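Worksheet for the structure shown next.
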């Protein structure tokens with residue numbers, strides 16, 4: 001089957017170090033992801049989530065450490081070897097990354113046309129099945145611009161599923177969506193996992209999504225793992241930052257509101273209107 005299933009882990013990360021110039025972005029990160037689980041990488045902006053994701057999918061190579069995918073050393077592989085592994089990996093990008101000039105069917109069919117020698121009639125059937133799977137049956141001829149944000153996210157997932165991957169990565173899958181549409185995407189992630197026994201890796205900072213989809217959570221802070229475990233385990237943590245994140249509290253060292261407003265207005269004493277003091281009659 002290409003990717004040999006030798007142990008219980010789909011992904012193993014050992015002492016991963018990533019640097020941009022002199023700045024260390026990931027500092028000795030280690031964890032394992034079990035087959036068939038939904039593993040959420042959580043953390044605030046700028047703490048290393050996206051950098052970790054780029055390394056996991058092979059878009060960049062680390063400064064040190066290794067990543068094993070199904071027991072194979074992904075970091076040490078040649079580019080050709082990495083390409084073979086990627087054929088069993090799906091990627092669902094934050095902005096869907098659909099080609100605006102192509103229909104949904106052509107967007108979903110693209111990986112099949114690039115990486116297989118299947119007949120066009122077979123590709124057409126597989127494309128329709130994948131679009132049906134995400135609730136977009138009948139939209140094959142639509143262009144991405146003709147769809148809502150939630151529908152584009154679903155189309156991106158259909159394309160990520162085109163090659164029947166064993167592992168699928170999601171980058172902020174519910175970002176920019178209203179809560180109802182976001183919940184639908186979260187349920188779709190769960191559906192894909194349970195139906196196909198997919199290993200799902202989700203990068204997000206949306207706690208509502210985490211509560212719906214996560215089997216285990218890895219929380220990053222300043223490029224290191226601060227906490228890891230089930231949602232219940234993290235929610236019971238006595239670590240101040242973990243509790244702050246789960247309780248959605250601001251940093252205590254944030255600027256005082258009045259100081260902030262004075263800085264904005266050049267030191268004047270003008271204050272912003274309160275909820276019951278609308279400006280300009282609005």
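The values are calculated or read from the model by the stated rules, or taken from the named source; none is laboratory data. The structure presented is a predicted model; accordingly, all values stated were derived computationally and were not measured. Cβ placement follows ideal geometry from the backbone for every residue including glycine, while neighbour counts extend to all protein chains displayed.
For the stretch 57-68, a residue qualifies if it is modelled with pLDDT under 95 and either touching a helix residue (DSSP H, G or I) at 6+ places or on another chain (Cβ under 7 Å) or surrounded by 22 or more Cβ atoms within 10 Å (Cβ to Cβ) (or both), and the qualifying residues are 58, 60, 62. Would it be correct to say that residue 79 is over 21 Å from residue 193 (Cβ atoms), assigned by TED's automatic domain parsing to the domain that holds residue 35, surrounded by fewer than 18 Cβ atoms within 10 Å (Cβ to Cβ) and touching a strand residue (DSSP E or B) at 6+ places or on another chain (Cβ under 8 Å)? No. The set of residues in the stretch 133-148 being surrounded by 14 or more Cβ atoms within 10 Å (Cβ to Cβ) and outside any loop (DSSP other than H, G, I, E, B) consists of 133, 144. Name the residue, out of 28, 43, that is modelled with pLDDT under 90 and in the same structural domain as residue 202 (by TED's automatic domain parsing). Matching residue, one of 28, 43: 43.
When you scan the stretch 74-95, how many residues do you find that are under 22 Å from the mean Cα position of the chain (by Cα) and without any contact (Cβ under 8 Å) to a residue 60 or more places away in the chain?
Number satisfying all stated conditions: 6.
Condition test on residue 154, is it modelled with pLDDT of 90 or more and surrounded by 19 or more Cβ atoms within 10 Å (Cβ to Cβ)? Criteria met by residue 154. Out of 207, 219, 192, one residue alone is surrounded by fewer than 18 Cβ atoms within 10 Å (Cβ to Cβ) and under 19 Å from residue 173 (Cα atoms). It is 207. Given the criteria over 17 Å from residue 169 (Cα atoms) and assigned to a strand (DSSP E or B), does residue 28 qualify? In short, yes. For the stretch 10-46, name all the residues that are touching a residue at least 60 places away in the same chain (Cβ under 8 Å), out of contact with any helix residue (DSSP H, G or I) (no Cβ under 9 Å at 6 or more places or on another chain), farther than 16 Å from residue 229 by Cα and surrounded by fewer than 21 Cβ atoms within 10 Å (Cβ to Cβ). Selection gives 24, 27, 28, 45. Taking the stretch 162-183 as the range and being crowded, with 16+ Cβ neighbours inside 10 Å and touching a helix residue (DSSP H, G or I) at 6+ places or on another chain (Cβ under 8 Å) as the test, the residues that pass are 162, 163, 168, 169, 170, 171, 173, 174, 177, 181, 182. Of all the residues in the stretch 203-225, those that are closer than 25 Å to residue 63 by Cβ and in contact with a helix residue (DSSP H, G or I) (Cβ under 7 Å, 6 or more places away or on another chain) number 4.
Does residue 154 count as under 22 Å from the mean Cα position of the chain (by Cα), touching a residue at least 60 places away in the same chain (Cβ under 8 Å), closer than 17 Å to residue 191 by Cα and outside the structural domain of residue 14 (by TED's automatic domain parsing)? Even if it seems obvious, please write down each step before you answer.
Numbers: under 22 Å from the mean Cα position of the chain (by Cα): yes; touching a residue at least 60 places away in the same chain (Cβ under 8 Å): no; closer than 17 Å to residue 191 by Cα: yes; outside the structural domain of residue 14 (by TED's automatic domain parsing): yes.
In short, no.
Which helices (runs of 4 or more DSSP H) sit wholly inside the stretch 45-118 and have at least 3 residues that are within 30 Å of residue 30 (Cβ to Cβ)?
In the stretch 45-118, 49-56, 79-86 are the helices (runs of 4 or more DSSP H) which contain 3 or more residues that are within 30 Å of residue 30 (Cβ to Cβ).
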